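Worksheet: the structure to be examined is printed underneath.
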Ligand SMILES: [Zn+2]
């Protein structure tokens with residue numbers, strides 16, 4: 001095997017204008033071979049911003065992986081001003097393990113709770129450190145970062161594009177990216193200790209305009225979602241005036257009134273979750289949303305709404321442990 005190039009030695013700027021190709025970059029040591037991730041790089045012939053799109057922070061979220069490959073395959077580098085970088089599988093351990101998290105034989109950690117990551121922690125922590133350090137050394141305030149997620153194996157979500165309430169001018173840039181991406185639902189990602197340690201939450205708080213997406217999941221990929229995410233990448237490049245001969249799409253109204261907030265509904269008990277609402281259904285406070293059954297059929301818990309809103313996500317893997325969330329509710333700010 002050729003000498004693997006470590007991620008931190010990879011600089012898009014050393015490649016000649018007009019370069020387009022896949023690279024394999026080392027993110028960890030393996031027993032036999034370096035552990036590498038695929039990275040797509042296209043450098044336009046004219047200078048411009050850099051857009052970085054990543055997927056596979058969770059190994060069971062496939063739509064963004066496919067969208068990055070599809071977009072890059074069709075990208076005409078001759079029309080590009082600036083740089084596009086795509087990383088479809090940023091957690092190669094979770095991907096190989098066909099799991100959401102890094103498999104237990106390494107450390108069993110959720111990469112989306114480790115950013116920015118200590119340089120000398122466990123494997124997943126070191127991966128978070130390498131990814132965030134590279135991203136922050138590559139992107140600035142005029143660039144864009146896209147982190148593709150989906151509902152994974154156990155949930156089903158409506159499509160949504162989110163930004164973080166970081167305050168300041170970067171939040172407005174992120175909000176405009178979200179509006180430009182082209183999905184109907186725009187979501188203000190709730191600030192919490194968990195959301196701050198996601199890849200997108202960490203990078204957004206370092207002043208890089210950032211969006212994240214969620215789509216269907218349910219253990220697979222829906223081609224319409226892949227197409228919508230591919231179109232979203234293109235829309236972001238057009239918004240950044242990076243595609244020559246293509247007009248930036250008009251953003252109708254990127255104001256705060258468009259953004260929704262989401263909240264999770266957690267269970268108090270363990271058992272079989274049996275939802276009695278549908279995706280996108282409008283709900284009112286105290287409405288019955290589902291039940292938790294014991295294996296004997298006994299109703300252990302009635303899951304009820306505490307706010308008005310719409311059902312944006314439903315747990316589809318039916319067994320649930322106490323404390324897990326079973327529904328994601330979207331509510332429009334002020335509504
Ligand atoms: Zn995810």
| said: Are there helices (runs of 4 or more DSSP H) fully within the stretch 161-255 with at least 3 residues that are away from the ligand (no atom under 16 Å from the Cβ)? List them. | reply: 168-181, 223-239
| Hey, does the stretch 129-141 have a residue that's within 14 Å of the chain's Cα centre (by Cα), over 18 Å from residue 51 (Cβ atoms) and outside any strand (DSSP E or B)? | no
| message | Could you go through the stretch 100-107 and let me know if any residue there is assigned to a helix (DSSP H, G or I), assigned by TED's automatic domain parsing to the domain that holds residue 10, within 16 Å of the ligand (Cβ to nearest atom) and surrounded by fewer than 21 Cβ atoms within 10 Å (Cβ to Cβ). | response | no
| Residue pairs meeting the criteria (Cβ under 6 Å; at least 6 apart or on separate chains; first surrounded by fewer than 18 Cβ atoms within 10 Å (Cβ to Cβ), in the stretch 109-134; second part of a helix (DSSP H, G or I)) | 118/125; 119/129
| said: If I ask for residues that are in a strand (DSSP E or B) and buried (at least 18 other Cβ atoms within 10 Å of the Cβ), which ones from the stretch 257-274 would you list? | reply: 259, 260, 261, 262, 265, 271, 273
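Condition check ((1) under 29 Å from residue 241 (Cα atoms); (2) within 20 Å of the chain's Cα centre (by Cα)) across all residues:
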{"residue": "29", "(1), (2)": "no, no"}
{"residue": "33", "(1), (2)": "no, no"}
{"residue": "52", "(1), (2)": "yes, yes"}
{"residue": "55", "(1), (2)": "yes, yes"}
{"residue": "64", "(1), (2)": "yes, yes"}
{"residue": "77", "(1), (2)": "yes, no"}
| message | Being farther than 14 Å from residue 314 by Cα and either outside the structural domain of residue 188 (by TED's automatic domain parsing) or part of a strand (DSSP E or B) (or both) is the filter here; which residues of the stretch 142-159 pass it? | response | 144, 145, 146, 147, 148
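Residue by residue, here is whether (1) under 17 Å from residue 59 (Cα atoms); (2) out of contact with any helix residue (DSSP H, G or I) (no Cβ under 6 Å at 6 or more places or on another chain); (3) within 15 Å of the ligand (Cβ to nearest atom) holds:
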position	(1), (2), (3)
111	yes, no, yes
120	no, yes, no
125	yes, yes, no
130	no, no, no
133	no, yes, no
139	no, yes, no
153	yes, yes, yes
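The values are calculated or read from the model by the stated rules, or taken from the named source; none is laboratory data. Keep in mind it's a predicted model, so treat the numbers as computed, not measured. Every residue, glycine among them, receives a Cβ derived from its backbone with ideal geometry; neighbour counts consider all protein chains shown.
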